[in-house]
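Shown next, in structure tokens, is the structure this report addresses.
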Amino acid sequence: MQSCTDVIIASYLPRDAAAVVALEGEIRATAGTKVHVHPTCLNACASANRNRGLDLSGSPVRIMLDDDVTGLPQDWVVKLVDLMERNSNCVMTSPQLMNADGSFGFMLGFPQRRSFGESVVELRELPTACIAVRENALRFDENFVGSGWEDTDYCAQLRQEYPEGTWMICHDVRVVHTHEMKNQREHFMRNKAVYLAKWGKLQGE
């Protein structure tokens, strides 16, 4: 287990916003290990905030979560990092996303529903609502406006950089994603067009 893990809160909200302050406290209380928490809080697009967090991080495995994630279980950081350390070919993992009503949340690239264990994601794609990812030189594309599609693009970059890499879900770690979709709906079609111009098609097509 790495001695300290960087945890990025990717948010455009102000540093003193109630949601950011509460999430930072929740992370520290539940991580189960020493963490450096980096709230990004740039008045900019999701990609710029995600890149800010990556630039502040130095741990071999770093965790990134959106400001609309909550319900973090005890030792969740320990469990996600442990999965990465046990699976050297895994480039990204996510906990099981849940909805606030207790139902299973949407997991890009993984339509199945499981309540325990670990799964390899065959489509090699995950949402970045809450992820652990290995240190690498890749960055989120800041041509995407607001939020949306920057995570799909980042997974495409990872597939290109690590053609033999795997994506995994740790179902034993469940977190609630309220899926606020800040600055996403109004830019959805524009950002999709940016993605398709860059990659030609969606993964799995």
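Considering only region 89-96, I want to know if a residue exists there that is within 19 Å of residue 176 (Cβ to Cβ), among the small types (Gly, Ala, Ser) and touching a Pro at 6+ places or on another chain (Cβ under 9 Å). Checking region 89-96: at least one residue is within 19 Å of residue 176 (Cβ to Cβ), among the small types (Gly, Ala, Ser) and touching a Pro at 6+ places or on another chain (Cβ under 9 Å).
Mind checking which residues of region 136-158 are buried (at least 21 other Cβ atoms within 10 Å of the Cβ) and assigned to a loop (DSSP other than H, G, I, E, B)? Once the filter is applied, which keeps residues that are buried (at least 21 other Cβ atoms within 10 Å of the Cβ) and assigned to a loop (DSSP other than H, G, I, E, B), region 136-158 yields 140, 144, 146, 147, 148, 149. Residues of region 66-97 that are part of a strand (DSSP E or B) and polar (S, T, N, Q): 70, 93, 94, 96. I'd like to check something: does region 53-63 contain any residue that is out of contact with any Leu (no Cβ under 8 Å at 6 or more places or on another chain), farther than 21 Å from residue 149 by Cα, assigned to a helix (DSSP H, G or I) and aliphatic (A, V, I, L, M)? Yes, that holds for at least one residue. Considering (1) of a type in the set (D, E, K, R); (2) at pLDDT below 95; (3) not in a loop (DSSP other than H, G, I, E, B), the lone condition that residue 180 does not fulfil carries the number (3). Taken over region 105-135, the criterion of being surrounded by fewer than 21 Cβ atoms within 10 Å (Cβ to Cβ) and in a strand (DSSP E or B) is satisfied by 118, 119, 120, 134. Suppose the filter is under 25 Å from residue 96 (Cβ atoms) and not aromatic (Phe, Trp, Tyr); does residue 52 pass it? No.
Residues to consider are 150, 142, 118; find the one that is among the charged types (D, E, K, R) and over 15 Å from residue 193 (Cα atoms).
Checking each option against the conditions leaves just 118.
Give me a count of the residues in region 98-130 that are within 11 Å of residue 177 (Cβ to Cβ), in contact (Cβ under 8 Å) with a residue 12 or more places away in the chain and in contact with a Lys or Arg (Cβ under 8 Å, 6 or more places away or on another chain). Within region 98-130, residues that are within 11 Å of residue 177 (Cβ to Cβ), in contact (Cβ under 8 Å) with a residue 12 or more places away in the chain and in contact with a Lys or Arg (Cβ under 8 Å, 6 or more places away or on another chain) number 2.
The values are calculated or read from the model by the stated rules, or taken from the named source; none is laboratory data. Since we're looking at a predicted model, the values are computed, not measured. Glycine gets a Cβ as well: all are built from the backbone with ideal geometry, and neighbour counts include every protein chain shown.
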